[in-house]
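Before any comments, here is the structure.
The values are calculated or read from the model by the stated rules, or taken from the named source; none is laboratory data. Only a predicted model underlies this, so the values are computations on that prediction, with no experimental measurement involved. Here Cβ is always computed from backbone atoms with ideal geometry, including for glycine, and neighbour counts include all displayed protein chains.
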Amino acid sequence: MIFELGILAVGLVAGVLSGLFGIGGGIVMVPVLIAFFGLDMLDANAASLAAMLLPVGFLGVINYYKAGYIKVRESLWIACGLFVGSFLGAKIALSIDINSLSKLYAGFLLYVALQFLLPDLFRNKAGKPASNIKHASWQMLLMGVFAGVIAGMFGKGGGIIIVPILIKIFKYDQRAATATSLAALQLPVGLPSVIEYAQSGHFNLTFAVLLAFGLVTGTFFGSKWALKLSAAIFKKIYAVFLLGVAVYMVVHFL
């Protein structure tokens, strides 16, 4: 029972971060499941992606939509790209050596940590609300494919890639990028990768359900807080956590 409650708590924390930053929650769930719950990386990927199949952030999306931060058309094109990319990402993850995959994952965590520790590298100071920006559909689609490959490889929702790209390249402000990313992740974009992992024996339904329940609750509150609070200090703490997990992954799989 304590183990299951721990899994539920992981989903709750991941949901709060998802609502705050539009990152999908997988960037929290996978490293915690590996480092603290002893799951194999592929098992953790499968549980994380499966938990995000349901529209667990729907309540958070409603909050952002009411506030005028979501552009639906662009979110849909991103979602289409994520669907294709997640299949490719899972294929890659299942075809390479686990030690190599783990080292790639550690490098990815370092990249994410730098986003939070050095936000000026990823922030566009002249950002605008999504409603004031128009971009070609193929651009959103390609970005979604790229994010989907990363998601399928490392059990993420893809938002950790989408948000900084929207901010730095497409000139979104932080809340608009978070909202658009979160909206794109509400469709079952990770289904192809979950099927691939399940067919290879890397899937635990109980873990996925517990994580999903926590995500639903956490995302609602995270999106509420994101519209009201500055999360600068919290981002720094989170970045330190990611750095620690990255070091753990490198040492564990040497």
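Figures for the structure shown
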read-out: In segment 85-110, residue surrounded by the fewest Cβ atoms within 10 Å (Cβ to Cβ) [restricted to those that are among the polar types (S, T, N, Q) and within 21 Å of Val145 (Cα to Cα)]; value: Ser95
read-out: The one condition in (1) under 23 Å from Ile34 (Cα atoms); (2) at pLDDT below 90; (3) in contact with a Leu (Cβ under 6 Å, 6 or more places away or on another chain); (4) in a helix (DSSP H, G or I) that Ser102 fails to fulfil; value: (3)
read-out: Boolean, Leu17 is at pLDDT below 90, of a type in the set (A, V, I, L, M) and outside any helix (DSSP H, G or I); value: no
read-out: Candidates Leu59, Leu109, Leu94, filtered to the one that is assigned to a helix (DSSP H, G or I), among the hydrophobic types (A, V, I, L, M, F, W, C), at pLDDT below 80 and touching a Ser or Thr at 6+ places or on another chain (Cβ under 7 Å); value: Leu59
read-out: When residues of segment 152-176 are limited to those that are surrounded by fewer than 24 Cβ atoms within 10 Å (Cβ to Cβ) and either in contact (Cβ under 8 Å) with a residue 60 or more places away in the chain or not in a helix (DSSP H, G or I) (or both), the one nearest to the chain's Cα centre (by Cα); value: Arg175
read-out: Candidates Ile78, Ile27, filtered to the one that is part of a helix (DSSP H, G or I), within 18 Å of the chain's Cα centre (by Cα), among the β-branched types (Val, Ile, Thr) and modelled with pLDDT under 80; value: Ile27
read-out: Unmet requirement for Phe116, which otherwise passes all of (1) in contact with a Lys or Arg (Cβ under 8 Å, 6 or more places away or on another chain); (2) at pLDDT below 75; (3) over 19 Å from Gly25 (Cα atoms); value: (3)
read-out: Selection from segment 102-112 of residues that are farther than 14 Å from Tyr248 by Cα and in contact (Cβ under 8 Å) with a residue 60 or more places away in the chain; value: Val112
read-out: Matching residues, segment 55-75, being among the hydrophobic types (A, V, I, L, M, F, W, C) and within 14 Å of the chain's Cα centre (by Cα); value: Val56
read-out: Close pairs (7 angstrom Cβ cut-off, 6 or more residues apart or separate chains): closer than 20 Å to Met41 by Cβ and buried (at least 21 other Cβ atoms within 10 Å of the Cβ) in segment 200-227, among the acidic types (Asp, Glu) and modelled with pLDDT under 90 anywhere; value: Leu210/Glu4
